[in-house]
Amino acid sequence: MSVERSRTDARRAEVSEGEDGRGGDFPNERRGLTSENGNVGLELGEVGGGNVFNLEVELQQSTLMCTRTRYKFSTCMFLMYLYKNGHRVLNPTFALAIKERFEMPRASLRTSDATMIYPLLQGYCHGTLVEPLLWDEVTTDIILEPIMGWKDAPMGPSQSKISAYRSALCLLFKDFNQMNKWQSLSPTISTIVNGWKKQIARKRKEIGVDVERGVSGLPFKLYGVLCRHLASEDQSGPFAWCYASLLWNLVCRNDNISFINLNHIKVKADHLMVYFAQSKSDQEGKLSKYPRVVYANPMNPWVCAITALGIFLACVTTRVDEGDGKMPLFQGSQEDSSMRFGKNMHKALAHINLEEFGLEGEMLGTHTFRKGASTYVSSSGIACPPSAISLRAG
């Protein structure tokens, strides 16, 4: 036993010394660990080396920035309402910061000015925390008071709008480590909000208002006509055509197309395989190893994603980074690509007689492709299995 232990200690001491003579139980700190097969693993940080675990920061960063951007307006609108009405639940220090930022009377503030409050909340992860609320004084009626008028509106808000408001405030409580307080209020808030949703639905039924919300699905015939118009554009044609064809054939959300990387596109036999590292329905990337397969359409090249992608890549002059080819398919930020395609799409729709398809321009958007493609594959002559459609468009 003692001989074996001495051998183990000797090996440990030999490895611990390393090239720089440092000791310790983790010999390859900051250099990566090499496994038996020669692969380099993850690095181990040093205590005091800048990798100190911060619980508050990690909790805040557990929510993606894109999600925070969606909730930003609802959070700021709530705080703006409290400031304009002089609610005592608003932290006086935070209220003073708002006053200094706007430099105008409270009555002059508009709802659109609410987003100017958001920078005051961004110091949380930098040690300049300013509590926006006096958390012990927050009650259910204070949270729901700003949206009381929603349920009395003729059309009423969409259910997603109400849910987004509630989720935004939940995130606010989470960021400031007040989840215990939120959990004490959440059951009552959910009961009241669900009652509002029932009242709004009943009102729509009695009044007979249009219940269709959001964008309409894109018919396949209109998709083909739109692709022809997009491809005919001189400068942005290849980009818009490729973007639209990928939206339709991959049956995915706009965010997924904007973030496609050249390293996520593979060629196998007669088809393409496109991988999504993350999606709205797969936040942790557990399904990222399963590709979405795209085949060519030689009978109708206008709706062929492979044709559109090939022409787009032939027109791109940006050099792919040497080595691993890690470069986004569409240059610029995700928001820039999305807005650029939206403008090109509506420009092309202006030259199409949408009345032939029973649609209006306001009824169409980037999400139209996903709705239209999923409807088409489930109702065409050779319908796909529902499970396959769910996996593809989920």
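The values are calculated or read from the model by the stated rules, or taken from the named source; none is laboratory data. Note that the structure is predicted; figures quoted are calculated from it, not measured. In this analysis, Cβ positions are derived from the backbone assuming ideal geometry, glycine residues included, and neighbour counts consider all displayed protein chains. Only protein heavy atoms, including side chains, enter the accessible area calculation; ligands, DNA and RNA are left aside. Shrake-Rupley method; radii C 1.70, N 1.55, O 1.52, S 1.80 Å.
Some notes on this structure:
- Per-residue packing, averaged as other Cβ atoms within 10 Å, sorts the ranges 280-293, 237-250 into the order 237-250, 280-293, beginning with the highest.
- Of K161/K198; K84/K174; K161/K203; K161/K286, pairs whose Cα-Cα distance is over 19 Å: K84/K174; K161/K286
- For segment 368-375, the Karplus equation 6.51 cos²θ - 1.76 cosθ + 1.60, evaluated at θ = phi - 60°, returns couplings of 4, 5, 5, 5, x, 5, 5, 5 Hz by residue, with Gly and Pro reported as x.
- Rolling a 1.4 Å probe over the protein chains gives V89 an accessible area of about 10 Å².
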